[in-house]
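Visitor: Please find one structure pasted underneath; my questions will follow.
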Amino acid sequence: ASRAGDALTIRGRVDDEPWQLVRLAPIDPALPWRAGPFCAAPSRAGLTVRFTRLAIGPADEALH
């Protein structure tokens with residue numbers, strides 16, 4: 001996830017595949033924001049997800 005101004009960009013990938021856009025969402029930059037890893041399967045039960053890495057850094061200049 002990366003944030004720049006009024007945009008939140010979420011990207012994801014599997015193994016060594018290229019990063020793909022998951023969601024681009026508008027946000028109010030005047031509000032305080034906090035984030036962390038989360039995954040959900042709203043259409044069915046039994047989803048298992050393993051987070052293997054979390055990195056926090058500056059916004060990806062290629063996107064913003």
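The values are calculated or read from the model by the stated rules, or taken from the named source; none is laboratory data. Bear in mind the structure is a predicted one, so any value in this text is a computation, not a measurement. Note that we place each Cβ from the backbone using ideal geometry, even for glycine, and neighbour counts take in every protein chain shown.
Residue-by-condition table, conditions (1) surrounded by 10 or more Cβ atoms within 10 Å (Cβ to Cβ); (2) at pLDDT below 85:
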site: 12; (1), (2): yes, yes
site: 27; (1), (2): yes, no
site: 34; (1), (2): no, yes
site: 37; (1), (2): no, yes
site: 51; (1), (2): no, yes
site: 54; (1), (2): no, yes
site: 59; (1), (2): yes, yes
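Visitor: Something else now. If we only count strands (runs of 3 or more DSSP E) wholly inside the range 1-46, which ones have 2 or more residues that are touching a residue at least 60 places away in the same chain (Cβ under 8 Å) and over 18 Å from residue 58 (Cα atoms)? Walk me through it before giving the result.
Guide: Numbers: elements: 2-4, 7-12, 20-26.
Output list is empty.
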